[in-house]
Amino acid sequence: MSLTLQNHTGLATRRHHLLPHVNEAKTRAFLTTALPNVRYLSGFTGSNGAVLITPERAILFTDPRYQTQASLESDCEVKIAKGPLLGEVSKWLKRLKVTALGFERNRISYEEFQQLKELARGVRLKPLLGLVEMLRVVKSVDEIATIRASVQLNSAALEQALKNFTPEMTEVDLAAEIDYRMRMLGADGTAFDTIVASGPRTALPHAHPMELPIAANELLLIDMGASVGGYASDMTRTHAVGKVDAKLRRMYRAVLESQLAAIDAVRPGVTAAAVDRAARNVLQGYGMEKQFIHSTGHGLGLEIHERPRLGRKEKTRLLTGMTITIEPGVYEEGVGGVRIEDTVVVTDKGCEILTPSGKEFVVL
């Protein structure tokens, strides 16, 4: 019971921190229908929900399937809608005499906006951007502990899956083995579709596994993430299957040095662009900077991609408690690619690498 009360206290604190930003927008109430934000503000984990927050009340709307679950998970008032949620929301806007409502312009469809506009006549709708996401950027001690557990499970799943690796396996076979191991270890599921690519296909940063045998004497790239307690982990490892040539080994060495340089640059106060630049400077020394075609990393938490983005022009300054990925990569069409990725948390003095998996050049 004490754990539940502690979690509910945290939820109330989150909503309390949101209200000043709602007030700054000159609105009396705030509505979110985005499930990650619904979960963050209310604790509810169902697939259909909305949260309405005013200075006096916090109301969670869902449908009859979740009547019991919502009451168990959330400290909000729970209202069960027998029809569309926005219809029930609009009724409560009238009851609460809300005249101005902030909504998430990047999280609502045009159709939903039109429905809300029609149902909530007389209410001024104000589009807002990123209010909840801004709060989610810095993780609490409990959130970091959950992400750590997710990361550790993720690494254990890879270790177990590779023990069952055989050269005749297909990319699909290995991806399925990885996903199975995550589930067996207790994950909610995968945080995203597991990437397994071998040979020249490793040059595709987001390759989908195919029914192709994993090639001998080639690279094997695995990008995987687990969801544990709703929180994502993210890791990429690149291995060799048999012997690979000196060019691919040099590519691996360059990416590893780039990744370590970027990790070394992480500390409170530095810009996301500075971390990205640290990675690119190393690759420039190898003559490979043009083969690095994506950003150095991203935040993660309730979603696999959150703020901040670690890119060339990102001015966001890192803060203690941010959880981010560091994942430089080099890709050459027709040859192959290397990416190495860890999940790290920004600390007062730098960062802590949460990913326990080693980064030596493993030959399977």
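Values quoted throughout were computed directly from the atomic coordinates according to the rules given, and no laboratory measurement underlies them. What you see is a predicted model, and the numbers here were worked out from it, not measured in a lab. Virtual Cβ from ideal backbone geometry, glycine too; neighbours counted across all protein chains shown.
In this structure, residue 41 does not satisfy being out of contact with any Leu (no Cβ under 9 Å at 6 or more places or on another chain) and among the hydrophobic types (A, V, I, L, M, F, W, C). Could you figure out which of (1) buried (at least 23 other Cβ atoms within 10 Å of the Cβ); (2) farther than 25 Å from residue 148 by Cα; (3) not β-branched (Val, Ile, Thr) isn't true of residue 327? Of everything listed in (1) buried (at least 23 other Cβ atoms within 10 Å of the Cβ); (2) farther than 25 Å from residue 148 by Cα; (3) not β-branched (Val, Ile, Thr), residue 327 misses just condition (2). When the residues of the stretch 296-344 are filtered to those that are more than 14 Å from the chain's Cα centre (by Cα) and polar (S, T, N, Q), which remaining residue is nearest to residue 190 (Cα to Cα)? Restricting to residues being more than 14 Å from the chain's Cα centre (by Cα) and polar (S, T, N, Q), the top hit is 296. Screening residue 47 against (1) within 21 Å of residue 102 (Cα to Cα); (2) loosely packed, with under 13 Cβ neighbours inside 10 Å leaves a single unmet condition, (1). Scanning the stretch 89-116 for residues being under 23 Å from residue 14 (Cβ atoms) and in contact with a Phe, Trp or Tyr (Cβ under 9 Å, 6 or more places away or on another chain) gives a total of 8.
State which residue is nearest to residue 36 (Cα to Cα) when the search covers only the stretch 274-330 and only residues that are assigned to a loop (DSSP other than H, G, I, E, B) and free of Cβ contacts under 8 Å to residues at least 24 places away in the same chain. It comes out as 305.
When residue 337 is tested against (1) of a type in the set (Gly, Ala, Ser); (2) in contact with a Leu (Cβ under 8 Å, 6 or more places away or on another chain); (3) closer than 17 Å to residue 263 by Cβ, only condition (3) is not met.
Would it be correct to say that residue 57 is within 30 Å of residue 143 (Cα to Cα) and surrounded by fewer than 19 Cβ atoms within 10 Å (Cβ to Cβ)?
So residue 57 passes the test.
Within the span defined as the stretch 222-232, one or more residues are under 20 Å from residue 332 (Cα atoms), in contact (Cβ under 8 Å) with a residue 24 or more places away in the chain and within 24 Å of the chain's Cα centre (by Cα).
Within the stretch 60-69, the set of residues being more than 16 Å from residue 34 (Cα to Cα) and crowded, with 16+ Cβ neighbours inside 10 Å comprises 66 only.
Condition check ((1) crowded, with 21+ Cβ neighbours inside 10 Å; (2) β-branched (Val, Ile, Thr); (3) touching a His at 6+ places or on another chain (Cβ under 7 Å)) across all residues:
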site: 277; (1), (2), (3): no, no, no
site: 284; (1), (2), (3): no, no, no
site: 322; (1), (2), (3): yes, no, no
site: 336; (1), (2), (3): yes, no, no
site: 344; (1), (2), (3): yes, yes, no
site: 349; (1), (2), (3): no, no, no
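Between 220, 300, the distinction of being surrounded by 22 or more Cβ atoms within 10 Å (Cβ to Cβ) and in contact with a His (Cβ under 7 Å, 6 or more places away or on another chain) belongs to 220 only.
Checked against (1) touching a Cys at 6+ places or on another chain (Cβ under 9 Å); (2) buried (at least 17 other Cβ atoms within 10 Å of the Cβ); (3) of a type outside the set (Asp, Glu), residue 267 passes all but condition (2).
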